[in-house]
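For reference, the structure is listed below as structure tokens.
The values are calculated or read from the model by the stated rules, or taken from the named source; none is laboratory data. Only a predicted model underlies this, so the values are computations on that prediction, with no experimental measurement involved. FYI the Cβ positions are ideal-geometry reconstructions off the backbone, even for glycines, and counts take in every protein chain you see. What goes into the accessible areas is simple: the full protein's heavy atoms, side chains included, and nothing from ligands, DNA or RNA. Shrake-Rupley method; radii C 1.70, N 1.55, O 1.52, S 1.80 Å.
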Amino acid sequence: IIYYKAIIMSLKNCPNCEEEFEGRRNKKFCTVSCKNQFHNEEYRNANHTVINLNKTLLKNRVILKDLFKVYRSSAIPLTILEAHGFNSRFHTHLFNAPSGDRYTMVYEVGYKTSFDNQIHIVEMEDVV
């Protein structure tokens, strides 16, 4: 005995591009690329805040690492960081060094503020 499962095709509208297509009863999208676009857009909308926060943190990290290569542990004005696009309101954590200094960290790179808005940039292996 051979059993055949009847496949019922029906006309539907794709939720991404609104095109009408024919497909299985449970098929929602006209193509795989429409399905991917739809779900990617939903992800971006749901995680918009986190995505933008990570962009800012990564930008701050790149700026600190680049300036660390140039200045090492020399004091530099905060205005130099800000001129490169650094946003001091965004960091990952605070670190209290054994020496008693408190560093504002952006992942493994950090800085401490001294007098007159002077900044000392450090990398984590230098702090511990």
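Apply the Karplus curve 6.51 cos²θ - 1.76 cosθ + 1.60, θ = phi - 60°, to the phi angles in the stretch 102-116 and return the couplings in whole Hz, x for Gly and Pro.
Using θ = phi - 60°, the values come out as 10, 10, 8, 9, 10, 6, 9, 10, x, 8, 10, 9, 10, 4, 6 Hz.
About the Cα centre of the stretch 70-120, what is the dipole size in debye to 20, counting +1 per Lys and Arg Cβ and -1 per Asp and Glu Cβ, all else neutral?
60 debye
Less than 25 Å apart at the alpha-carbon level, and either on another chain or at least 8 residues along: which lysines does that give for residue 55?
65, 69, 112
Report the accessible area of residue 73, computed with a 1.4 Å probe over the heavy atoms of all protein chains in place, in Å² rounded to the nearest 10.
About 80 Å², rounded to the nearest 10.
Once the Cα atoms of helix 48-71 and of the chain are each reduced to a long axis, what angle between those two axes, in degrees from 0 to 90 to the nearest 10, is obtained?
On a 0 to 90 degree scale, this one is about 30.
Identify all lysines with a Cα-Cα distance to residue 35 below 16 Å; exclude those on the same chain that are fewer than 8 residues away in sequence.
Of all the lysines, those that pass the test against residue 35 - Cα under 16 Å, at least 8 places apart if same chain - are 12, 27.
Once the dipole of the chain is set up with Lys and Arg at +1 and Asp and Glu at -1 on Cβ about the Cα centre, which of 46, 15, 85 lies farthest towards its positive end?
15
How large is the charge dipole for the chain, taken about the Cα centre, if only the Cβ atoms of Lys, Arg (+1) and Asp, Glu (-1) carry charge, to the nearest 20 debye?
Working: 17 positive and 14 negative charges, 115 e Å.
The dipole magnitude comes to about 560 debye.
Which order do the peptides 105-111, 89-95 take when ranked by the mean count of other beta-carbon atoms within 10 Å per residue, highest first?
Descending mean neighbour count gives 105-111, 89-95.
Can you send over the solvent-accessible area of residue 116, 1.4 Å probe, protein chains only, in Å² to the nearest 10?
130 Å²
What GluC sites (Glu not before Pro) does the stretch 1-80 have in DSSP loop regions with at most 16 other beta carbons within 10 Å?
Working: sites: 18, 19, 20, 22, 41, 42; in loops: 18, 19.
In loop regions of the stretch 1-80 (DSSP not H, G, I, E or B), the sparsely surrounded GluC sites (Glu not before Pro) are 18, 19.
Here are several values of P(r) over Cα pairs in 5 Å bins from 0, in percent: [x] 2, 9, 15, 17, 15, 13, 11, 9, 6, 2, 1, 0; [y] 2, 9, 14, 14, 10, 6, 5, 6, 6, 6, 6, 6, 5, 3, 2, 1, 0, 0; [z] 2, 11, 19, 22, 18, 12, 8, 5, 3, 1, 0. Which one was derived from the coordinates shown?
Among [x] 2, 9, 15, 17, 15, 13, 11, 9, 6, 2, 1, 0; [y] 2, 9, 14, 14, 10, 6, 5, 6, 6, 6, 6, 6, 5, 3, 2, 1, 0, 0; [z] 2, 11, 19, 22, 18, 12, 8, 5, 3, 1, 0, the one derived from this structure is [y].
So with the 1.4 Å probe, I'd like the accessible area per residue for the stretch 8-128, rounded to whole Å².
Details: 8240 Å² over 121 residues.
Per-residue value: 68 Å².
What is the spin-label model distance, in nm, from residue 57 to residue 31 if the labels are put 7 Å beyond Cα along the C-beta direction?
3.6 nm
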